[in-house]
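Asks: Below is one structure. I have some questions about it.
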Amino acid sequence: MLKGYKKSDSLLFVRKLMRDMEKMKIELNEHRYYLERSVERRTQHLMARIALLESCNASLCDKLACAYKMSATIKLQTFQSAPDGDRAAKLFVLNNQARIPVGRDAPGKWSEQATAA
C-alpha cells in the first residue's frame, strides 16, 4: 500500500492524518455545543410564546363564556318581555336571532324589512 514511500514519509503522513482528525473532532464538538445552545434558546423562546398564547386563549375563552351568558340573559329578558300572545316574537328570540322585529303591517304579520335581519 505505501511501498513507494519511505518509512519517515509514511509516518509523517499518518501523523498529519491524526492531527487533522483531532482538529475535526474539536471542530465537531464546537459545532455540537453551539447547536445544543441554539436549540435550548429556541426551545425556551417557544415555551414562553406557548405560555403567552395559552394565557391569551384562556382569557378569550372566559370573555366568550361571559358574552354567551350575557346573550342568553338578553334573550331571556326579551322573551319574557314579549307579550304572551305574540308567539312569533318568542320563536324569533328562541331561534337565536339577534333582534326582534318591531314593525307590523297587519295584525299577526311581520313586515319584510323587520324580518330581513
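Nothing in this text is a laboratory measurement; each read-out follows from the coordinates by a stated rule. Predicted model, so just to flag it, every value in this text is computed and none were measured. Quick reminder, even Gly has a Cβ in these numbers, built from the backbone with ideal geometry, and neighbours come from all protein chains shown.
Asks: Once label points are set 7 Å from the Cα along Cα→Cβ at both LYS16 and GLU54, what is their separation, rounded to one decimal in nm?
Replies: Using points 7 Å along Cα→Cβ, the separation is 5.8 nm.
Asks: Hey, what do the phi angles of the stretch 46-55 turn into as Karplus ³J(HN,Hα) couplings, whole Hz, using 6.51/-1.76/1.60 and θ = phi - 60°, x for Gly and Pro?
Replies: Those phi angles translate into 5, 5, 5, 5, 4, 4, 4, 5, 5, 5 Hz.
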